[in-house]
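Q: Dropping a structure here in C-alpha cells format, bear with me for questions.
Please treat every number below as a calculation from the coordinates, not as lab data. All values reported here derive from a predicted model rather than from experimental measurement. All Cβ positions, glycine included, derive from the backbone under ideal geometry; neighbour counts span all protein chains shown.
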Amino acid sequence: MEEEVYRELAEGLLNPGRLYARGEAMSRTSVVPARSGVYAWYFDEVPPGVPTEECRVGEFGTLLYVGIAPKAPPVNGARPSRQHLRQRVGYHFGGNAYGSTLRLTLGCHLAGRLGIQLRRVGSGTRLTFTKAGEDKLSEWMGAHARVAVVLDDEPWKLEHEFIKREVVPLNIADNAHSPYYLSLRALRTEHKKRARELPIAS
C-alpha cells in the first residue's frame with residue numbers, strides 16, 4: 001500500500017470525525033455504511049488487564065481493536081464474503097462470542113466484572129456467554145464502546161498495514177509483535193478450556 005494512501009485512510013481511524021454508538025449501529029435505520037471498509041473500536045473504559053501504553057487516545061476513548069468487512073477473498077477460489085460494515089459492526093455490538101472475536105475477547109476480560117462465563121451452548125460446539133451474559137456484554141459495549149469506519153474496497157490491505165504500524169492490543173491476527181499477544185491468547189484459551197469442561201448450558 002502506498003504511503004500516501006495509507007496515511008489518508010488511517011487518518012479516518014486515528015482521528016475520526018464520526019464515531020458510531022450501539023444505538024445508531026443497531027437501529028433499523030442504521031447510519032453505519034453498508035459498504036466495504038475498516039472499523040476501529042474506541043472505549044471510554046478499558047477492560048481489566050488490557051495494557052494501553054502507546055495506544056491511540058481520542059476524544060471518546062482508547063483505540064483497542066480494528067477489523068474489516070468483508071474478509072479477504074479466499075485464495076482457494078471459494079466464494080468471497082459479501083458482508084459489509086453495517087452488518088459486521090452491528091454483529092459486534094449485538095451478536096455473540098461465537099461469531100465475534102471482539103466480543104469473545106471483551107467477555108474474557110470482563111467476565112469477573114460482569115458476572116458472565118463462557119459456556120458451551122446448543123449442540124455443544126459453539127461457545128458463547130449465554131443469552132444473559134451476551135446481553136450484559138452488549139449493555140457494557142453500548143455504554144463504553146464507539147466505532148469509527150473508513151470505506152475501502154480492499155480493506156484487508158489497510159488492516160494489515162494498520163496493525164503492523166499501530167498499537168491495537170485486542171487484535172490477534174497479524175499482531176504477534178504486540179507485547180500483549182501471548183497474554184491475550186492465553187486468556188482466551190483459559191476461558192475456552194474452562195467452558196469445554198462444563199456441561200452444555202441450557
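Q: Is there a quick way to get the dipole size of the chain? I mean about its Cα centre, with the Cβ of Lys and Arg at +1 and of Asp and Glu at -1; what is the value in debye to the nearest 20? Please list the in-between numbers first.
A: Numbers: 28 positive and 23 negative charges, 263 e Å.
Once rounded to the nearest 20, the dipole reads 1260 debye.
Q: With a 10 Å cut-off between alpha carbons and a GNM built on the chain, which of Glu134, Glu154, Glu11 moves the most?
A: Judging by the Gaussian network model, the answer is Glu11.
Q: Compare the Cα positions of Tyr20, Pro70, Gly112 along the charge dipole of the chain (+1 at Cβ of Lys, Arg; -1 at Cβ of Asp, Glu; about the Cα centre) and return the one farthest towards the positive end.
A: Toward the positive end, the furthest listed residue is Gly112.
Q: Now for a different question. If amide hydrogens are placed 1.01 Å from N in the peptide plane, which non-local residues have theirs closer than 5 Å to the one on Gly37?
A: Ala69, Leu85, Asp152
Q: For a Förster distance of 22 Å, can you work out the FRET efficiency between the beta-carbons of Asp153 and Glu4, rounded to the nearest 0.05? Each step should come with its number before you reach the end.
A: Working: r = 17 Å, r/R0 = 0.77.
E between Asp153 and Glu4, to the nearest 0.05, is 0.85.
Q: Over 30 Å between C-alpha atoms is what I'm after, so list which of Lys71/Lys192; Lys131/Lys164; Lys136/Lys192 land there. Please report the intermediate quantities before stating the final value.
A: Numbers: Lys71/Lys192 24 Å; Lys131/Lys164 35 Å; Lys136/Lys192 19 Å.
Cα-Cα > 30 Å for Lys131/Lys164; rest within.
Q: For the chain, which span is the longest to avoid every loop-located (per DSSP) member of trypsin sites (Lys or Arg not before Pro) having at most 15 other Cβ atoms inside 10 Å? Present the calculation step by step, with values, prior to reporting the outcome.
A: Numbers: sites that count: Arg18, Arg28, Arg35, Lys71, Arg82.
By the stated rule (loop sites, at most 15 other Cβ atoms within 10 Å), 83-202.
Q: For every other residue with a beta carbon closer than 15 angstrom to the beta carbon of Arg28, add +1 if it is Lys or Arg and -1 if Asp or Glu, then tell me the sum. Please list the in-between numbers first.
A: Working: positive: Arg22, Arg86; negative: Glu24.
Cβ neighbours under 15 Å give a net charge of +1.
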